[in-house]
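Here is the structure we will look at, set down as structure tokens.
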Amino acid sequence: MKRRRIVVTGATSGIGRATARALADGSHDLILASRNAALLEKTAGDFRAADPKAEIRTFVVDLASFASIRNFSLQLHEEIDQIDVLFNCAGLFMDRRTSTVEGFETTIGVNHLGSFLLTRLLVDLLAKGDEPQIVNVCSKAALFASFRDRPDAFMRHPAGFRAYSASKLLQLLSTLRLSEELSGLGITVNAIHPGDAATGIWKGDSPMMRLANSLIVGRLASAEEASKAGLYILENEAMRKVSGGFFEREGIGIPLPARLLDRSLRDAIARRTDEAIAWPEQSPEDPETSP
Ligand SMILES: NC(=O)c1ccc[n+]([C@@H]2O[C@H](COP(=O)([O-])OP(=O)(O)OC[C@H]3O[C@@H](n4cnc5c(N)ncnc54)[C@H](OP(=O)(O)O)[C@@H]3O)[C@@H](O)[C@H]2O)c1
């Protein structure tokens, strides 16, 4: 594969770490981003120890804070003038209700809004890239979700699986939207389902998470196995030209049910997302969003 500058979010754990590790052999410029500075440095140190040729820069970004995301984007713009790949892998599953800095339910705030805002802020750098790609690490959980178009859709959302699946639905339909919007810039945008894997995401002390940890997690694939779906999209020449798809391993397309292809659903998500990431220009306390 030709040399590329690749930004990987969520690079300190699980699938993001395994993906970055596979790419950290000196044949790419890697930019690793995550929220924990010490873990980021340890991750970069581990990769350099495994392969001294690895070229890695690290940046701290907390996707639960729009200010942190904007700061990361500013830092990147100061240091580099183009990006070839944005691999949006950071994500979490909160089994209790908490909020991001801006007041959005955390799972939706991080998995969807944070990643979407970051993507928007990096489009100009991607537009200068070579065969630029955005890959959103999504999940088939999206297929079980629904979206209620209401002003507080991202704020008062129940946590747990409902928020997780909703966040992945929002991410998936935003992938389709961006694929259309960015095609004129030559940027491809795809979503992947990496497969269920034993990673750090299975955290929590709710009964559901405890049950999952005792019965399911030990039988899941490794993060390395799960990294293959994304690596395939990055490394396969033909896949680099495809946009607007949802893929699992080896580029196998995942069909979307007709209800998710409804244009009005995608438009509603686009409108609510744009309102949300305009914060603080339009705060969650906007009159329309008050009870
Ligand atoms: N594992 C599965 O079965 C599975 C299945 C389908 C889809 N996925 C998706 O795969 C992606 C990676 O998850 P994983 O399973 O590899 O989980 P993981 O091991 O927990 O890794 C998640 C990564 O995201 C980072 N992250 C979490 N919150 C963040 C925030 N606020 N700001 C910046 N970075 C943040 C984590 O940083 P810390 O190390 O600081 O926590 C970590 O590096 C997620 O988008 C997930 O939805 C996973």
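Derivation of every value follows stated rules applied to the coordinates shown; laboratory data play no part. Everything quoted here is computed from the prediction, not taken from an experiment. For neighbour counting, all protein chains shown are included, and Cβ atoms are generated from backbone atoms with ideal geometry for every residue, glycine included.
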Self-check item: Inter-probe distance in nm under a simple model that places probes 7 Å from Cα toward Cβ, at GLU79 and ARG259
Solution: 4.4 nm
Quiz prompt | Dipole magnitude (debye, nearest 20) for the chain, charges at Cβ of Lys, Arg, Asp, Glu | solution = 760 debye
Quiz prompt | Amide H partners (placed H, <5 Å) of ILE31, local residues excluded | solution = ILE6, VAL7, VAL8, ARG57
Exercise. Would you kindly derive the ³J(HN,Hα) couplings of the stretch 74-84 from the backbone phi angles with the Karplus curve 6.51 cos²θ - 1.76 cosθ + 1.60 (θ = phi - 60°), listing them in order in whole Hz, with x for Gly and Pro?
Key: 4, 4, 4, 4, 6, 9, 9, 10, 7, 9, 9
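Under the definition of Cα pairs under 8 Å and six or more residues apart, what whole-number percent is the relative contact order of the stretch 157-224?
Numbers: 37 pairs, mean separation 16.4, N = 68.
Averaging sequence separation for qualifying contacts and normalising by length gives 24 percent for the stretch 157-224.
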Practice problem: Return a whole-number percent for the relative contact order of the stretch 5-289, with Cα pairs under 8 Å and 6 or more residues apart as the contact set. | Solution: 18 percent
Exercise. With 22 Å as the limit, write out which pairs from LYS168/LYS228; LYS53/LYS241; LYS128/LYS241; LYS2/LYS140; LYS42/LYS128 have Cα-Cα distances beyond it, or answer none.
Key: LYS53/LYS241; LYS2/LYS140; LYS42/LYS128
Quiz item: What residues have an amide H closer than 5 Å to that of VAL189, excluding those fewer than 5 places away on the same chain, when H is modeled at 1.01 Å from N in the peptide plane?
Solution: ILE134, GLY244
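Show me the GluC sites (Glu not before Pro) within the stretch 193-265 that DSSP assigns to loop and that have at most 14 other Cβ atoms within 10 Å of their Cβ. Walk me through the numbers before you get to the answer.
On the way: sites: GLU224, GLU225, GLU235, GLU237, GLU248, GLU250; in loops: GLU237, GLU248.
Here the sparse-neighbourhood loop sites are GLU237.
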Quiz item: Farthest toward the dipole's positive end in the chain, which of ALA270, ALA229, VAL135, given Cβ charges of +1 (Lys, Arg) and -1 (Asp, Glu) about the Cα centre?
Solution: ALA229
Quiz item: In nm², what is the average projected area of the convex hull enclosing the Cα atoms of the stretch 99-150?
Solution: 5.1 nm²
Quiz item: How large is log10 I(q)/I(0) at q = 0.07, 0.08, 0.16 Å⁻¹ when the Debye formula is applied to the Cα atoms of the chain, each weighted equally and without solvent?
Solution: -0.23, -0.31, -1.37
